[in-house]
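Heads up: the structure comes next, in structure tokens.
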Amino acid sequence: MLFVSVCEVSCSAVDVFIPALFLFPLRTFFHKVKFPTFSFHLHFTQMGFDLNCIKGLVGGNADIGRALDGQVDWAALGKKAFELAKPYVVQYIGQVPRPDNVNINQAFQDAATATGTKPYEVPAENKYADGNVRALLIGINYYGTSAELSGCVNDVKQELATFQKTGFPVEEMAILVDEKGFPNVTALPTRANIIKYMAWLVKDAQKGDVLFMHYSGHGTQTKSNDQYEENDQVICPSDYDTAGCILDNDIFKLLAENLPKGVRLTVLFDCCHSGSMLDLPYQFVGGSGVSSSTDAHMNQVRKNNFSQGDILMISGCSDSQTSADVGNTATLGNGTSGAGGAGTQCLTYTLLNTKNLSYQDTLIKTRDMLKKKSFEQVPQLSCSKPLDLTTKFSMLQLFTLDSNLSSTLPAQYK
């Protein structure tokens with residue numbers, strides 16, 4: 001995503017009012033100028049504006065013309081613009097110093113003392129008989145800091161509600177959030193705890209087990225130290241400013257590298273720069289505007305990072321994009337209210353309100369819902385194996401492989 005740095009000072013939500021006012025005298029400019037296809041942002045410290053979204057909201061607003069003719073109060077119009085723009089204000093953490101690598105062996109030793117709880121009673125008809133079902137939910141709002149978000153903890157609540165409504169048969173769950181009073185919270189989402197509970201999620205996994213992880217919070221990038229990528233992706237724990245972030249390379253080692261055959265893992269990252277957060281070898285191919293499944297398919301994007309396990313990752317955006325934290329999810333028209341991540345809210349709405357969708361159609365409907373609401377972020381889907389995208393979406397079943405790509409999967413991983 002292209003950012004234009006216009007200042008280097010801290011910016012609070014109130015400061016949105018100032019650039020919002022500048023939009024109105026530029027009415028003609030907005031109408032006549034076609035923005036390039038890449039996303040264009042004015043970037044303040046830890047905050048950005050998606051001008052394509054703003055253009056869609058206010059570019060044709062008749063109130064602007066009336067204001068220019070002196071018929072509408074500019075202050076009232078500025079306030080209205082601020083309310084319209086709020087869903088598209090992106091809190092953003094700039095590139096960070098490269099964090100220390102995780103001691104993987106130590107992480108699994110620490111995980112021996114980690115425990116989860118039973119979040120709800122699974123109806124008898126939804127019980128899963130083939131193995132254990134375990135989940136890890138992480139939501140970080142960074143309360144009281146300059147990086148504060150508003151919707152990430154609510155994403156955890158939304159995920160829990162979706163699990164219950166769909167009858168997802170989870171028997172053990174760990175919840176890491178930084179909100180005081182959150183029910184059944186396991187621990188704070190510090191770097192040490194996130195690493196510990198990632199290891200807990202997959203430790204002792206056996207054939208037939210089903211695992212799920214959700215992360216909502218800040219994601220950003222750091223300079224890569226290899227020849228294949230310019231940047232590595234990282235997630236930002238609640239104490240990232242003192243303890244450091246967690247590298248995508250280490251997330252792969254924790255969750256995927258030693259996952260046994262016959263284990264199903266689904267991971268959702270609703271954060272900025274999350275497209276390849278697990279660095280999996282196969283990725284969904286299909287443009288952001290795909291309205292049918294005719295040109296959607298998987299593509300091999302890496303020659304390594306295979307896993308014995310069947311791993312599906314859905315991310316809120318591509319590596320170059322930011323993910324929106326929506327102040328009021330009612331603007332999405334998904335029947336919810338309060339703050340939340342745009343990606344999480346649209347995906348859970350799709351899962352709750354459509355039945356028997358394929359993997360590709362689940363992602364496409366989520367993308368289309370975001371696009372209709374003028375969000376520029378494009379959710380991504382990647383896998384440890386070449387998944388047949390036409391099969392029914394499931395978080396319980398092992399993959400059916402795409403016959404056109406199965407030859408690219410090394411024999412020991414089939």
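Of the residues Ile251, Ile246, which is in the same structural domain as Ile194 (by TED's automatic domain parsing) and farther than 15 Å from Leu280 by Cβ?
None of the others qualify; the one that does is Ile246.
Yes or no, residue by residue, for (1) in the same structural domain as Ile195 (by TED's automatic domain parsing); (2) more than 22 Å from Lys196 (Cα to Cα); (3) without any contact (Cβ under 8 Å) to a residue 60 or more places away in the chain:
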| site | (1), (2), (3) |
| --- | --- |
| Pro99 | no, no, no |
| Lys118 | yes, no, yes |
| Glu121 | yes, yes, yes |
| Ala129 | yes, yes, yes |
| Arg134 | yes, no, no |
| Leu137 | yes, no, no |
| Asn154 | yes, yes, no |
| Leu160 | yes, no, yes |
| Met173 | yes, no, yes |
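Which condition from (1) modelled with pLDDT under 95; (2) closer than 24 Å to Lys355 by Cα; (3) of a type in the set (Phe, Trp, Tyr) is the one that Tyr128 breaks?
Result: Tyr128 passes all but (1).
Only one of (1) in contact with a strand residue (DSSP E or B) (Cβ under 8 Å, 6 or more places away or on another chain); (2) hydroxyl-bearing (Ser, Thr, Tyr); (3) at pLDDT 65 or above is not met by Ser307, so which one is it?
The number of the failed condition is (1).
Considering only the stretch 144-151, I want to know if a residue exists there that is of a type in the set (S, T, N, Q), assigned by TED's automatic domain parsing to the domain that holds Glu257, part of a loop (DSSP other than H, G, I, E, B) and at pLDDT 95 or above.
The answer is no; no qualifying residue exists.
Considering only the stretch 152-168, state which residues are outside any helix (DSSP H, G or I) and either among the acidic types (Asp, Glu) or surrounded by 17 or more Cβ atoms within 10 Å (Cβ to Cβ) (or both).
Once the filter is applied, which keeps residues that are outside any helix (DSSP H, G or I) and either among the acidic types (Asp, Glu) or surrounded by 17 or more Cβ atoms within 10 Å (Cβ to Cβ) (or both), the stretch 152-168 yields only Phe168.
The values are calculated or read from the model by the stated rules, or taken from the named source; none is laboratory data. All figures in this text were calculated on a predicted structure; none of them were measured in a lab. Because the Cβ atoms are built from the backbone with ideal geometry, glycine has one as well, and the counts that use them run over all protein chains shown.
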